[in-house]
Every structure is written in C-alpha cells, then in structure tokens.
1. Failed condition for Thr130, given (1) away from the ligand (no atom under 13 Å from the Cβ); (2) among the hydroxyl-bearing types (Ser, Thr, Tyr); (3) buried (at least 20 other Cβ atoms within 10 Å of the Cβ), with all others met?
2. In segment 133-150, what residues are within 13 Å of the ligand (Cβ to nearest atom) and among the hydroxyl-bearing types (Ser, Thr, Tyr)?
3. Gln47: farther than 29 Å from Pro8 by Cα and among the polar types (S, T, N, Q), yes or no?
4. Test Leu204 against the criterion of being at pLDDT 95 or above and in a helix (DSSP H, G or I), and give yes or no.
5. Scan Glu185, Glu170, Glu179 and give me the residue that is surrounded by fewer than 21 Cβ atoms within 10 Å (Cβ to Cβ), more than 17 Å from the chain's Cα centre (by Cα) and either touching a residue at least 24 places away in the same chain (Cβ under 8 Å) or outside the structural domain of Leu97 (by TED's automatic domain parsing) (or both).
6. Under 7 Å between Cβ atoms, which residue pairs at least 6 apart in sequence (or on different chains) link something in segment 89-105 that is more than 14 Å from Asp79 (Cα to Cα) with a partner that is charged (D, E, K, R) and more than 9 Å from the ligand (Cβ to nearest atom)?
7. Leu221 passes all but one of (1) within 13 Å of the ligand (Cβ to nearest atom); (2) buried (at least 16 other Cβ atoms within 10 Å of the Cβ); (3) at pLDDT 90 or above; which number fails?
8. Going by what's in this entry, would Ser219 be described as farther than 13 Å from Phe145 by Cβ and not aliphatic (A, V, I, L, M)?
Amino acid sequence: MKLMANIPVLTIDGPSGSGKGTIAQLMAKDLGWHYLDSGAIYRVLAQAALKHGVDFADERAVAELAENLDVVFSIQQNDIQVLLEGEDVSTLIRSELAGNAASKVAALPLVRAALLQRQRDFKQLPGLVTDGRDMGTVVFPDASFKVFLNASAQVRAQRRHKQLKEKGIESNLSDLVAEISERDERDSNRTVAPLRPADDALQLDSTSLGIDAVFKQVSALCAG
Ligand code: C5P
C-alpha cells in the first residue's frame, strides 16, 4: 500500500449517479475512516454564489468566495448535514439545478485551486474515503486505493430519479437524462481536472452490477 504521511486514502471518482457516493459512504463506515463528499463543496459554493449575488462568470469573485467559504459537514443520524454560514442547506444542494450550478463553478481553474487545500485537510487518521471527479487524479494523486465507477447515462438517471424521490424532491426522468449528459459533457471537457480515471484506478462499471457486488470489489481492493 502506498502511504502518504501514513494516512491511507481511498478515492472513488466517477460521473453523477454512478453510485460512488453510496459506495464511498459504505466503505467509510466499514473501514471506520473519515468521509469527504467533494461534490458537496462545489454544490455549497454555487449556493453561496447565488446567495451573495456573485456572477458565475466572475471567476475571481467566485474564487474569493471559495477561499472564504463557511461550510460545515456534520453527521446527523446517519445522514450528512451541510451548513452554509450556519444555514442548513443539506436538501437544497441536492437538486439537479444545484448539481448543474456546481458543475459551472467547478469548471473555473481559480476556484479549483482555492478549494484544493481545504479538501486535502480532510485527510486525517485513521484514513479517508472520498468521492468526486478528480480525487484520484489531482487532489490525492498518491492515494493508497483508487476506484473509478461508471454506468450508462440511462441507468444513472434512473438512480438519480429514485434518490431524489427518496429525499422528497420531484424530478422528470427524461429531463434527468438530458441534465446528466450536459453535466458529464461539461465535467469531462473542462480544462482543469476533467472527469477521467486515474491511470492506476480500478475501473468498475455499475450499469448491471448491484451495490453489494461493487462494495465487494472495492473491499477486496482495500484488503489486498
Ligand atoms: O458529485 P456531485 O454530483 O455532487 O458533484 C457536483 C458537481 O461538482 C459535479 O458535476 C462536478 O462538476 C463538480 N465536482 C468536481 N470535482 C469533484 C466533485 C464534484 O468538479 N471532485
């Protein structure tokens, strides 16, 4: 196992709806490690920009907001509560609109640079499980274990639809397919930290694999 300051890191990257968040949370629980949902930081940042009337096109202003972002993650009865400037935005940031807004601010190079150290600070003993788009390529390139999880856009949209419904958020399946495809396109083609597997990542396709099967394979990777 590659050690970075003796703290192991498991990165799980992939597109929206690939199941990476679910697997990452299960792994964090199983291993007893910390968990970082890096996408939530971009989602909160977009929310902060909307709240303070900062134009997404004003890269410097959004980066400054990122630098000073007042966000707190805390575990509340098995769920992660997200506070922006003390306000609970846990549900608000989970909408597809918020995901799309996140991917717009996430495409800005100064913003990504401003958030780099904040993400790295989550690496604490006994270990960290983190999910996102560039965890294995940019944020934790020396991570002990790397996974890239993918699935077809149709299946990802169906999962998203179900997830949103469970959170009480209404959505339309064909809109979701279109939104997911638009977001994939932006995340994969941006100039900095585009969505792609790290060369040393275990690549898994969850289109026809259940959560249990993916969990087994990721567990085996970490045990090996
Ligand atoms: O993973 P999630 O869907 O919450 O991410 C929301 C958006 O945040 C993604 O579409 C992507 O643009 C951005 N993101 C990113 N890098 C990460 C995590 C998320 O650019 N590590």
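1. (1)
2. Answer for segment 133-150, where residues must be within 13 Å of the ligand (Cβ to nearest atom) and among the hydroxyl-bearing types (Ser, Thr, Tyr): just Thr137.
3. Spelling it out, Gln47 is indeed farther than 29 Å from Pro8 by Cα and among the polar types (S, T, N, Q).
4. Considered against the rule, which asks whether it is at pLDDT 95 or above and in a helix (DSSP H, G or I), Leu204 comes out as no.
5. Just one listed residue meets the conditions, Glu170.
6. Matching pairs, first to second residue: Glu96/Glu179; Asn100/Glu179.
7. So the condition that Leu221 fails would be (1).
8. Details: farther than 13 Å from Phe145 by Cβ: no; not aliphatic (A, V, I, L, M): yes.
No.
The values are calculated or read from the model by the stated rules, or taken from the named source; none is laboratory data. Since this is a predicted model, take the numbers as computed values, not measurements. Because the Cβ atoms are built from the backbone with ideal geometry, glycine has one as well, and the counts that use them run over all protein chains shown.
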